[in-house]
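J.: Let me give you the structure first, and then I'll get to my questions.
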Amino acid sequence: MVLACSLGGGLAAHGQKPTEIPTPVEAYVQQFESSYREVRSLRADFTQTYALGGRTRIESGVVCFVRGGLMRWDYKCPSEKLFLSDGKHLLLYIPAEKQLTRSPVKSSEDIRVPFRLLLTRLNLRRVFARFEFADDVGHDPADRVLRAYPKKEYAEDYQDVLIELSVEFDIRRLVVDFADHSRMEFRFEHLERNPQLSRSLFQFTPPPDAEIIDQH
């Protein structure tokens, strides 16, 4: 996700069409994108909920991002696990099983992977075809909610995405409705922009007795 659009006005150069005035929702999306231009790191508490049919799985912990494709999800509840990106590889370590799964970032379709792009040049138009306000969805009265619809090439993967934003454009909630009628929801609290985060946070060496599974 990266910002390519910019607000413009007035007449274009001779022989060109005037710059189109963005709609209210397009202008809001541009403001959201531009608010992350100077952000180099993020940290927040998160709750992740996955629901399919009558079954629900809820997990929570702390997540950190650093520009350059680095991210770290420390799951604390109901059990510990680590999901980490060093920019090239994804690592999933489950202490209870002493098992580390390793895969290339580029080949992953994991829903957590796009979050690392928040700290590049955020451009929602790369993955979404259109947006609308969804303020009828339950949310904090001070927040705004966007509903984003996928481009054709992603239509088989998910139906739409809800993004709830604070007045400061902090992401409070992100909900993905998948094509199989399952739903993944992330809620974020205590979000910090530009905290001091050591690069060592995004390096992990498994214990000597851990089983390592390489996926390609």
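All of the numbers you see were taken from the coordinates with simple rules; none came from a lab. Because the structure is a prediction, the values reported are computed rather than measured. Don't worry about glycine lacking a Cβ; one is built from the backbone with ideal geometry, like all the others, and counts go over all protein chains shown.
J.: 7 Å from Cα along Cα→Cβ at both residue 189 and residue 212: what's the point-to-point distance in nm?
T.: 3.8
J.: Give me the number: length gained by fully extending residue 201 to residue 79, i.e. 0.36 nm times residue separation minus the C-alpha to C-alpha distance, one decimal in nm.
T.: Full extension of this stretch gives 41.9 nm more.
J.: Which cross-chain or sequence-distant (5 or more) residues have an amide H under 5 Å from the amide H of residue 90, H modelled 1.01 Å from N in plane?
T.: 103, 105
J.: While we're here: Place a point 7 Å from the Cα of residue 137 along the Cα-to-Cβ direction; which residues of the range 40-58 have their backbone N under 15 Å from it?
T.: 49-51
J.: Convex hull over the Cα atoms of the range 17-82, averaged projected area in nm²?
T.: 8.1
J.: Hey, another quick one. In a shell of Cβ-Cβ distance under 10 Å around residue 161, excluding residue 161 itself, what net charge do Lys and Arg (+1) and Asp and Glu (-1) give?
T.: -1
J.: Give the lysines whose C-alpha is closer than 21 Å to that of residue 152, dropping any in the same chain fewer than 8 places away, or say none.
T.: 106
J.: Here's something else I'd like to know. Points 7 angstrom from Cα along the Cβ direction at residue 97 and residue 45: gap in nanometres?
T.: Between residue 97 and residue 45, the label points sit 2.8 nm apart.
J.: Determine the sum of side-chain charges near residue 138: Lys and Arg each +1, Asp and Glu each -1, restricted to other residues whose C-beta is under 11 angstrom from that of residue 138.
T.: That works out to -4.
J.: For the pair residue 156/residue 168, report the inter-label distance in nm, with labels modelled 7 Å from Cα in the Cβ direction.
T.: For residue 156 paired with residue 168, the spin-label model returns 4.2 nm.
J.: Starting from the exponent 0.38 and prefactor 2.2 Å, build the expected Rg for the range 24-214 from its residue count and divide its actual Cα Rg by it.
T.: 1.05
J.: Just order 160-169, 47-56, 64-73 by mean Cβ neighbour count inside 10 Å, highest at the front, would you?
T.: Answer by packing, highest mean first, reads 64-73, 160-169, 47-56.
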